[in-house]
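Below is one structure, written out as structure tokens, with a few remarks after it.
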């Protein structure tokens with residue numbers, strides 16, 4: 001694992017499991033203050049219970065952060081439709097509530113969080129906003145999961161606009177677009193046959209990418225970082 005001393009204060013949204021939990025475990029001993037936000041308890045950092053898909057959750061999170069400067073807002077959570085990425089997914093049977101929920105979590109929440117916490121970020125010397133997107137958010141790379149693809153494609157557009165809106169405050173905005181990551185959930189889906197045989201991207205590689213990004217000077221900011229699986233179709 002990278003062991004850079006990043007210092008400062010950071011907020012990870014979606015830190016209770018998967019990628020967010022792994023990044024929180026890595027980041028907690030390397031920074032001065034780590035806040036973690038999720039609906040269920042997180043094991044690292046100062047946990048804030050918040051459902052960021054709701055106005056109440058956003059307000060609770062904003063109140064918990066208070067006037068604390070933030071060096072980084074890392075939105076590492078996300079959701080998708082029932083049966084997504086398997087043969088069980090059927091767009092025609094996806095409820096309206098499910099479609100709205102995916103858009104709310106994956107797209108609307110990151111935008112509103114960036115707006116809500118811009119003042120905190122502006123207090124730091126080299127603040128960054130980092131969103132986790134997906135390869136399906138790239139041009140001509142959509143998957144059949146309509147709401148998830150729309151949210152990830154929209155997230156890239158939102159990030160490009162946020163980069164302009166937040167530039168006067170010195171806040172950099174980056175989207176990392178990975179293929180399948182080796183989270184416990186993805187490994188379980190591969191083992192069960194729900195996903196095809198493949199080699200997912202090790203979580204350590206995503207963490208190395210974050211380490212690189214968060215270690216850059218205040219004079220540089222990548223717009224998109226795409227992480228492809230080298231062996232997407234092999235066991």
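State, to one decimal in nm, how far the label point of residue 6 lies from the label point of residue 56, with both points 7 Å from Cα in the Cβ direction.
A separation of 3.1 nm, rounded to one decimal place.
Just check region 145-227 against the gyration tensor rule for me: Cα atoms, a ≥ b ≥ c as the square roots of the eigenvalues, rounded for a/c under 1.5, and otherwise prolate or oblate depending on whether a/b exceeds b/c. Kindly include the intermediate steps, with their values, before the conclusion.
On the way: a/c = 4.02, a/b = 1.71, b/c = 2.35.
Judged from the Cα gyration tensor, region 145-227 comes out oblate (a/c at least 1.5, b/c at or above a/b).
What do you get for the angle between helix 146-166 and the principal long axis of the chain? Use alpha-carbon atoms, 0 to 90 degrees, nearest ten.
Approximately 20 degrees, to the nearest 10.
At a threshold of 8 angstrom on Cα-Cα distance, excluding pairs fewer than six apart, so keeping six or more, what relative contact order does region 9-227 reach in percent? Working shown, then result.
On the way: 373 pairs, mean separation 38.9, N = 219.
Normalised by residue count, the contact order of region 9-227 is 18 percent.
Grab the Cα-Cα distance for residue 92 and residue 204, subtract it from 0.36 nm times how many residues apart they are, and report the gain in nm with one decimal. Don't jump to the answer; show the numbers that get you there.
Values: separation 112, 0.36 × 112 = 40.32 nm, distance 3.71 nm.
Result for the pair: 36.6 nm of gain on full extension.
Measure of size requested: the Rg and Dmax of the chain, with Cα atoms as the atom set and Å as the unit; please supply both.
Cα radius of gyration and Dmax of the chain are 17.0, 49 Å respectively.
Whole Å is fine, so just give me how far the alpha carbon centre of region 152-205 lies from that of region 9-42.
Using only Cα atoms to place each centre, the spacing works out to 16 Å.
FYI, it's all coordinate maths here, none of it is from the lab. Predicted, not measured: the structure shown is a model, and the values here were computed from it. Methodologically, a virtual Cβ is constructed for each residue, glycine included, from the backbone with ideal geometry; neighbour enumeration extends over all protein chains shown.
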